[in-house]
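Enquirer: This is the structure I want to talk about, given as structure tokens.
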Amino acid sequence: MIELLDRRSYSAKVFDLGGRRRRGEFHVGHVHFFDEQTNALESIDHRWIDRGTHWEMVRASYRMQVARDFGATNLVRYRNRFEGADHAGVYEPPSLVWAVGRDLSDVRPFRQQQSVIGVVSGDKITWTNALGAGIDFEVSLRGSGFTKEVVIRRRNVLEAPPTPQHRLVLLSRFTGDGLTIRDASGRAWSKHAEFDDPSDDGFRLEESTGRHSLMRPAYIVESDAENTRHRCPVVWTARNGALWQ
């Protein structure tokens, strides 16, 4: 069985079985990326490379650098190189807070980013107690993107909110120079006041050329037998010269 390299796509492989027979393998996510050095589609390699102060992944349609210490600045650095795109973003999740409503009124501190060292397991980096005792943070590689997850290991880790109206909010700082932030309907954010998508269908981070990265909808996943999922609102705001989710 021989793979027909000229029949590769980002998400498929085709094999010659002989006797005019062929077999295709089709995947939901990417299994190949365009390698600018070989000028061809090559197999994705989601292994983290240890660079001492950070880990790196470069063999996919996007590039990643993630700091070893969760307390470091520029924790997650990302670069999109898919189909002619060339834009970068920096993501930092400095705190959990209690807040009221989608406009984040009456914000009250809860947990702060801790200086803890991450551990790699397969395609995932885990910082145990990253946001205080019992609350971990994880970054995992996927075929055409990556996930960022807060893991609350026990329900009793969370204290009662200050009032019944307060909800737990992850505050995340985002830096992406030259990018326009759009909601799922195509509305662009002026980077003034709050910006959200009432249907919570995610966002698009767009270059002037139209090339873009997708920010998928956010979810809360329960640890029950069904892994019940709840759509989670994401709101953008500009404060003190920085963009926040």
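The values are calculated or read from the model by the stated rules, or taken from the named source; none is laboratory data. It should be emphasised that the depicted structure is a prediction, and the values quoted were computed from it without experimental measurement. Positions of Cβ are generated from backbone atoms using ideal geometry, with glycine treated the same way; all protein chains shown enter the neighbour counts. Just the protein is used for accessible areas: all its heavy atoms, side chains included, with ligands, DNA and RNA removed. Shrake-Rupley method; radii C 1.70, N 1.55, O 1.52, S 1.80 Å.
Enquirer: Can you give me the % of accessible surface on region 93-245 that is carbon or sulfur? Probe 1.4 Å, all protein chains present, nothing else counted. The partial results should precede the final answer.
Expert: Numbers: 4190 of 8590 Å².
C and S atoms contribute 49 percent here.
Enquirer: Just to verify a number: what accessible area does Leu170 come out at with the full protein assembly present, 1.4 Å probe, Å² rounded to tens?
Expert: Result for Leu170: roughly 50 Å² accessible.
Enquirer: Write out the trypsin sites (Lys or Arg not before Pro) in region 68-133 meeting two conditions: DSSP loop, and at most 16 other Cβ atoms within 10 Å of their Cβ. Before the final figure, lay out each step's value.
Expert: Numbers: sites: Arg68, Arg77, Arg79, Arg81, Arg102, Arg111, Lys124; in loops: Arg68, Arg81, Arg102.
When the trypsin sites (Lys or Arg not before Pro) of region 68-133 are filtered for loop state and at most 16 Cβ neighbours within 10 Å, Arg102 remain.
Enquirer: Moving to a separate point now. Need one word for region 44-119: rounded, prolate or oblate. Basis is the Cα gyration tensor (sqrt eigenvalues a ≥ b ≥ c); a/c below 1.5 gives rounded, then a/b vs b/c decides. Walk me through the numbers before you get to the answer.
Expert: On the way: a/c = 3.54, a/b = 1.60, b/c = 2.21.
Oblate shape, in that a/c is at least 1.5 and b/c is the bigger or equal ratio.
Enquirer: Show me the trypsin sites (Lys or Arg not before Pro) within region 1-32 that DSSP assigns to loop and that have at most 15 other Cβ atoms within 10 Å of their Cβ.
Expert: Values: sites: Arg7, Arg8, Lys13, Arg20, Arg21, Arg22, Arg23; in loops: Arg8, Arg20.
Counting only loop positions with at most 15 other Cβ atoms within 10 Å, the trypsin sites (Lys or Arg not before Pro) in region 1-32 are Arg20.
Enquirer: Sort out for me the Cα centre separation of region 1-43 from region 91-145, rounded to whole Å.
Expert: 37
Enquirer: Would you rank Trp98, Trp236 by solvent-accessible area, highest first, keeping every protein chain in place and using a 1.4 Å probe? All intermediate terms of the calculation are to be shown ahead of the outcome.
Expert: Working: Trp98 20, Trp236 0 Å².
Descending order: Trp98, Trp236.
Enquirer: Order Glu194, Glu206, Glu42, most accessible first, counting only protein heavy atoms with a 1.4 angstrom probe.
Expert: Working: Glu194 80, Glu206 25, Glu42 50 Å².
The most accessible residue leads, giving Glu194, Glu42, Glu206.
Enquirer: Counting Lys +1, Arg +1, Asp -1, Glu -1, what net charge surrounds Arg63 among other residues with beta carbon under 10 Å of its beta carbon? Spell out each step's value before the answer.
Expert: Values: positive: Arg59, Arg77, Arg79, Arg81; negative: Glu56.
Neighbourhood net charge equals +3.
Enquirer: Only sites in a loop by DSSP and with at most 14 other Cβ atoms within 10 Å count here; which trypsin sites (Lys or Arg not before Pro) in region 164-240 make the cut? Display every interim value, and only then the final one.
Expert: Details: sites: Arg167, Arg173, Arg182, Arg187, Lys191, Arg204, Arg211, Arg229, Arg231, Arg239; in loops: Arg187, Lys191, Arg211.
Filter output for region 164-240: Arg187, Lys191.
Enquirer: Also, quick follow-up: Just reorder Ser115, Ser213, Ser208 by solvent-accessible area, largest first, 1.4 Å probe, all chains present.
Expert: On the way: Ser115 90, Ser213 10, Ser208 120 Å².
Correct descending sequence by accessible area is Ser208, Ser115, Ser213.
Enquirer: Any chance you could look up the accessible area of Ile220 with a 1.4 Å probe, heavy atoms only, rounded to 10 Å²?
Expert: Solvent-accessible area, nearest 10 Å²: 90 Å².
Enquirer: Determine the per residue accessible area of the chain with all protein chains present and a 1.4 angstrom probe, expressed in square angstrom.
Expert: Working: 13920 Å² over 245 residues.
For the chain, the per-residue accessible area is 57 Å².
Enquirer: For Tyr10, what accessible surface area do you get with a 1.4 Å probe? Give it in Å², rounded to 10.
Expert: Here the accessible area works out near 50 Å².
Enquirer: May I pose another question? Once you order the gyration tensor axes a ≥ b ≥ c over the Cα atoms, which shape class does region 201-245 get: rounded for a/c under 1.5, otherwise prolate or oblate by comparing a/b with b/c?
Expert: Working: a/c = 4.47, a/b = 1.75, b/c = 2.55.
Note, shape of region 201-245 comes out oblate.
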